[in-house]
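What follows draws every value from the coordinates through simple rules; no lab data is involved. Just so we're clear, the structure is a prediction, and the values are computed from it rather than from any experiment. Every residue, glycine as well, gets a Cβ built from its backbone with ideal geometry; the counts of neighbours run over all protein chains shown.
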Amino acid sequence: MMIRWILAALVLASGPAVSATAQGTSGAATVKTRLGDVRGAVEQRILAFKGIPYAAPPVGKLRWREPRPAASWKGVRQADAYSAACIQVPGLSAANGGDPGPLSEDCLYLNVWTPRAERSAKLPVIVWIHGGAFVFGAGGLPIYDGRPMATKGAVFVSINYRLAQLGFFAHPALEKESPDGVTNFGLLDQIAALKWVQANIAAFGGDPGNVTIMGQSAGGKSVLALLASPLARGLFHKGVAMSSYAVPDTTRAKALEAGTKVAEALGLPGAKATAAALRAVPAERFGLINGQGLSNSPVPIRGDKVLPQSIETTFAAGREAAVPLIAGNTSDDSSVVAAFGIDAGAVLKRLGAAGFLVKMLYPGVKDDSALARQATRDLVFTMPVRWIADRHAKRAPTWRYYFDYLAAKQRPNFPNGVGHGAEIAYLLDTGDIFEGTREVFTDADRALARTASNYLFAFARDGRPSVPGAPDWPSDTQVRDRTMVFGDTVKVEQRFMRARLNVMIGASKIAGRLLAPRQ
């Protein structure tokens, strides 16, 4: 039985002053986009533009359609407040990283932070894709605030994209409309946002020829999906996948089964429901659907033009985009399993005859629950990082990391290490902004966050995570096995967890039983 769970997306050096040409007398800045002028606000010497539409509202007849261009406008559009988040279970995101605010099907908006809204600046661009198992989250959560990266000298963009049944969905009625039609509408939204960046980011001071996509959990899975998708080629130039996971993409057949159950849960006649009836359902009702088999979470769907094959099949064949990549995970990524009541011990059984070897590979771990927790972490999170890195390194420079640092004041409450999503505040340097860390951050925590985020900024700027005064971070290959470990000491380890990961890769037949698409 396939394990499914909701993966939580939990969780400054001073920069250049805003130029006089960019900052108006009102303390706001106006930028000309292809669709019209937008006026943002100045936040701690950074220009912030929020709630910019990158596609038309996917409502009415546009529900479960490819995103259409947003309408142009006359005059100046105020862009100083986040848009509504996409439809999701109310309160779910609030319990896992922050309150996304109002929810609406009209949610395809993005946010931009920049130190200089000048075309001549040509600053590196970072596009952040939020996590949340493809069912919750929003680009406007405080932990994703773009000011710290903009202060370093990047143009930072965060986006919303359609979620759950409105974003990843198949149904017989939609198949009749288009037998080979799209099922990954949320991924198409991400691609549309990247096209908006290509068309407009120069006006905000960004270089459309130097775009890095970053994301955590489902956002990390999205980064890998975009590398695998033929529709995203040329829209970005580097990627950072944080805590992606070894859960196989859903088949189109399974997605159709789920879509039929969704129709029944909505009071419609299952597979016989019409497309018109499905589109007439109020959007809010999709956020209230609850039950087993009603979602494709936490993965996208293989078998449409966005993902003709699974992510793993594409990487195994070496057909993904040949762009530099950073991938990594945390020391307690399996916290997400326990948080949602999954028995991690059951995961050990998936290793079959190699189970006895697992105990040998964790010699200092005597408690069965701790063994299950750590083995689950490595099977579902650490091993896929290694598997992806080994293959992608044949295509482009690749770096691996393992995040094992927590704020000192938080450690007593998190004895198992860094939980799923807890690294974001450090890697984006938002620890003094995110409510989950701002009350506990010390100068030592800030120093670690500054170092970690500087690596990512350098990668976005130059294509290499190289920071003066910090340890060198060498690239990783299958032969030259190197991982940057972020702990109390930031250091590179060779052959990191190599023996146990080799056993897991072999035992799970990662290219087959574990990662290959399931029928």
At what distance in nm do the modelled label points of Glu439 and Arg233 sit from each other, each positioned 7 Å from its Cα along Cα→Cβ? 5.1 nm
Per DSSP H run of n ≥ 4, the term is -39500 (n - 2.57); total these for the chain, divide by its residue number, and report the mean residue ellipticity at 222 nm rounded to 500 deg cm²/dmol. -7500 deg cm²/dmol
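In which sequence would Ile505, Ile159, Ile191, Ile129 go, from the one with the fewest C-beta neighbours within 10 Å to the one with the most?
Fewest to most other Cβ atoms nearby, the residues stand as Ile505, Ile191, Ile159, Ile129.
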Take Gln292 and Ala271, extend 7 Å from each Cα along the Cα→Cβ direction, and tell me the distance between the two endpoints in nm. 2.1 nm
Descending packing, highest mean Cβ count within 10 Å first, for 358-369, 163-174 is 163-174, 358-369
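With N residues in the chain, what two-decimal value do you get for its Cα radius of gyration over 2.2 N^0.38 Å?
Dividing the Cα radius of gyration by 2.2 N^0.38 Å gives 0.93.
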Of Lys238/Lys409; Lys122/Lys305; Lys152/Lys195; Lys359/Lys409, which pairs sit farther than 28 Å apart, going by alpha carbon to alpha carbon? Lys238/Lys409; Lys122/Lys305; Lys359/Lys409
Compare the Cα positions of His171, Thr114, Pro465 along the charge dipole of the chain (+1 at Cβ of Lys, Arg; -1 at Cβ of Asp, Glu; about the Cα centre) and return the one farthest towards the positive end. His171
Over region 30-514, what is the relative contact order in percent, taking alpha-carbon pairs closer than 8 angstrom and at least six residues apart? 14 percent
In terms of the charge dipole of region 30-514, which places +1 on Lys and Arg and -1 on Asp and Glu at the beta carbon, the residue among Asn416, Ala133, Ala389 farthest towards the positive end is Ala389
Got a sec? How would Glu105, Glu493 order by Cβ neighbour count within 10 Å, fewest to most? Glu493, Glu105
Go ahead and run the numbers for FRET between Glu284 and Arg411, Cβ-Cβ distance against an R0 of 41 Å, rounding to 0.05. 0.50
Rg(Cα) of region 426-493 divided by 2.2 N^0.38 Å? 1.21
Ranked highest first by average number of other Cβ atoms within 10 Å, how do 151-158, 45-52 line up? 151-158, 45-52
Estimated FRET transfer efficiency when R0 is 51 angstrom, pair Lys366-Ala199 (beta carbons, to 0.05): 0.30
Over region 30-514, what is the percentage of antiparallel beta bridges among all DSSP beta bridges, to the nearest 5? 35 percent
Using mean Cβ contacts within 10 Å as the protection proxy, how do 300-307, 287-294, 381-388 order, highest first? 381-388, 300-307, 287-294
